[in-house]
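Visitor: Here you go, one structure.
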Amino acid sequence: MPFRRRSFFWLALVGLMLPLPALAQPAFPATLSHAYGQTVIEKAPRRIVTWGWGNEDALIALGVVPIGMPFQSYGGGEDGVQPWVDEALKALGGDRPLLLDMAGEPPIEQIAALQPDLILAVYSGITAEQYALLSGIAPTVAYSGDAWTTPWQDITRTIGQAIGKSAEAEQLVADTAAFIAETAAAHPGLAGTRFAGVNDYDGALAVYAAADSRVKFLTDLGLVLAPSVVALSPQDGSFYFPVSYELADSIQSDIIVTYAEDQAIADAFLGKPFIQNLPQYRADAIAALVGTEQIAAVSPPSVLSLHWGLPTYVDVLARAAGNAATP
């Protein structure tokens with residue numbers, strides 16, 4: 001075999017042995033697993049409805065406007081649209097989504113009338129029966145794990161996969177994580193601070209457990225869930241558990257984080273004797289986030305709301321952490 005032909009032969013053989021460059025995988029059909037099984041999305045959706053909390057945030061942050069989304073009375077004011085969502089919708093332009101009646105259960109007839117080709121309830125509490133009804137309208141993606149506990153990172157990635165924008169979703173998560181880290185780094189006193197998230201609810205203290213997305217977000221900031229909360233938490237996946245007022249001092253932590261719709265509610269809660277007897281109160285180490293918009297932005301957070309509400313939240317946390325009398 002002439003040298004030139006032998007050289008070509010060996011080069012071709014080596015080429016066959018070398019790994020081929022990875023081919024881009026098609027985005028569709030996409031199969032997404034969740035609490036009620038799997039949902040197959042055959043092709044890129046064009047008419048998307050969101051239900052629950054924060055699903056539209058991730059969708060809009062990825063540049064897609066839903067045709068329908070829930071009326072958010074908490075933090076949404078009279079028009080039912082939270083300020084960070086309103087700003088993003090204006091930036092994207094186009095038709096405004098129809099606001100769905102938020103009466104606790106998904107408005108099945110209202111959703112069906114929109115003729116969606118995808119329903120996103122990735123952060124929600126829809127029941128198996130509701131999931132079946134919604135799936136009869138269009139492919140529906142429910143939550144993973146327990147209801148109302150999906151972290152913002154997973155919400156973003158799941159919605160990105162559902163609409164064929166996995167790479168963009170991953171970048172959005174990375175950029176948001178960098179923003180969180182940068183904001184937290186400006187308050188180094190937060191790192192390692194032991195916290196307990198509590199609110200006054202139904203005649204007892206409602207203490208947020210490790211499964212709660214608010215708790216997960218605080219640990220993202222470098223805070224640590226107080227061991228006393230971990231020890232008291234039930235093992236049933238609940239995102240909160242009750243503690244009687246008489247046992248309030250069993251919640252041992254550096255700071256207490258609480259949320260109040262307005263200052264009057266915050267003052268009433270902090271004025272109760274069982275709160276004022278706590279060492280966290282005496283040290284002025286209670287971080288009270290006040291205002292529905294501020295709470296909605298971080299409790300739980302989304303890739304869209306974090307940029308709007310995180311600076312205020314971190315300031316409130318840092319002030320309490322700075323006063324904490326850590327042994």
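What follows is calculated from the coordinates using simple rules that are stated; it is not laboratory data. Just so you know, these numbers come straight off a predicted model, no measurement behind them. Please note: Cβ atoms are built from the backbone with ideal geometry, for glycine as well, and neighbour counts cover all protein chains shown.
Visitor: Using a simple spin-label model with points 7 Å from Cα along the Cα→Cβ vector, what separation in nm is obtained for A35 and V224?
Guide: Label at A35, label at V224, 3.1 nm between them.
Visitor: Let a ≥ b ≥ c be the square roots of the eigenvalues of the Cα gyration tensor of segment 154-220; is it rounded (a/c under 1.5), or, if not, prolate (a/b larger than b/c) or oblate?
Guide: It is oblate, given that a/c is not under 1.5 and a/b is not larger than b/c.
Visitor: Check cross-link reach from K43 to the lysines: straight Cα distance under 20 Å, and skip same-chain residues fewer than eight apart.
Guide: K165
Visitor: Compute the signed sum of charges (Lys and Arg +1, Asp and Glu -1) over the other residues within less than 14 Å, Cβ to Cβ, of D249.
Guide: Details: positive: K272, R282; negative: E246.
Charge balance near D249 sits at +1.
Visitor: Gain in length, L98 to Y245, computed as 0.36 nm per residue apart minus the alpha-carbon separation, to one decimal in nm?
Guide: 48.6 nm
Visitor: Okay, moving on. If the viscosity is 0.890 mPa s and the temperature 25 °C, what translational diffusion coefficient in µm²/s does Stokes-Einstein give for segment 128-265 when Rh comes from Kirkwood over Cα pairs?
Guide: On the way: Rh = 17.3 Å.
The estimated diffusion coefficient comes to 142 µm²/s.
Visitor: In nm, what is the difference between 0.36 nm times the number of residues separating Q252 and A91 and their Cα-Cα distance? Can you show the working numbers first?
Guide: On the way: separation 161, 0.36 × 161 = 57.96 nm, distance 4.51 nm.
Extra length from Q252 to A91 when fully extended: 53.5 nm.
Visitor: Now, a different point. With every atom except the alpha carbons ignored, what do you get for Rg and Dmax of segment 112-209, in angstroms?
Guide: For segment 112-209, the Cα-based Rg and Dmax read 18.0, 52 Å.
Visitor: Just to be sure I understand the curve: with the Debye formula and one point per C-alpha of segment 30-165, what is log10 I(q)/I(0) at q = 0.09, 0.10, 0.17 Å⁻¹?
Guide: Rounded to two decimals, the profile gives -0.22, -0.27, -0.85.
Visitor: Sticking with this one: Would you compute, from DSSP H runs of 4+ residues alone, the mean residue ellipticity of the chain at 222 nm, taking -39500 (n - 2.57) per run and dividing by the full residue count, rounded to the nearest 500? Please list the in-between numbers first.
Guide: Working: 14 runs with 133 residues, N = 327.
Dividing the helical sum by the residues of the chain leaves -11500 deg cm²/dmol.
Visitor: Another question, if that's okay. What is the dipole size for the chain, taken about its Cα centre, with +1 at each Lys and Arg Cβ and -1 at each Asp and Glu Cβ, in debye to the nearest 20?
Guide: 1820
Visitor: Please report the net charge: other residues with Cβ closer than 9 Å to the Cβ of P70, K and R +1, D and E -1.
Guide: Residues near P70 contribute -2 overall.
Visitor: So, in nm, how far is label Q110 from label R47 when the simple model puts each one 7 Å beyond its Cα toward the Cβ?
Guide: Each label point is offset 7 Å from its Cα along the Cβ direction, giving 1.8 nm.
Visitor: Let me ask you something else. If packing is taken as the mean number of other Cβ atoms within 10 Å per residue, what is the order of 244-255, 110-121, highest first?
Guide: Packing proxy ranking, top to bottom: 110-121, 244-255.
Visitor: Mind checking Rg over Rh on segment 186-323, alpha carbons, Kirkwood formula for Rh?
Guide: Radius of gyration over Kirkwood radius for segment 186-323 works out to 0.93.
Visitor: What list of ³J(HN,Hα) couplings, whole Hz, do you get for segment 192-203 from phi and the Karplus terms 6.51, -1.76, 1.60, once you set θ to phi - 60° and write x for glycine and proline?
Guide: x, 5, 8, 10, 9, x, 9, 8, 8, 8, 6, x
Visitor: Given springs between every Cα pair under 10 Å in a Gaussian network model of the chain, which of N199, N277, N55 has the largest fluctuation?
Guide: Of N199, N277, N55, the most mobile in the Gaussian network model is N277.
Visitor: What does the charge count near L133 come to, summing +1 for each Lys or Arg and -1 for each Asp or Glu among other residues with Cβ under 12 Å from its Cβ?
Guide: Every neighbour counted, the sum reads -3.
Visitor: Karplus couplings for segment 269-280 from phi (6.51 cos²θ - 1.76 cosθ + 1.60, θ = phi - 60°), rounded to Hz, Gly and Pro as x?
Guide: Karplus values, whole Hz, x for Gly and Pro: 5, 6, x, 6, x, 5, 7, 5, 7, 6, x, 5.
Visitor: Of V49, L32, L92, whose Cα points farthest to the positive end of the dipole of the chain (charges on the beta-carbon: +1 Lys, Arg; -1 Asp, Glu; origin at the Cα centre)?
Guide: Going by the charge dipole, the pick is L32.
Visitor: Taking H placed 1.01 Å from N in the peptide plane, check which residues at least 5 places from G145 or on another chain put their amide H under 5 Å from its amide H.
Guide: It is A35, by chain and number.
Visitor: Follow-up question, since we're still on this one. Using Cβ contacts closer than 10 Å as the measure, can you line up Y240, Y131, Y281 from fewest to most?
Guide: The order, fewest Cβ neighbours first, is Y281, Y240, Y131.
Visitor: Note down, for the chain, the three equivalent ellipsoid semi-axes (square root of 5 times each alpha carbon gyration tensor eigenvalue), biggest first, whole angstrom.
Guide: 42, 27, 18
Visitor: What spacing in nm lies between the two simple spin-label points modelled at Q235 and N199, each 7 Å away from Cα in the Cβ direction?
Guide: 2.8
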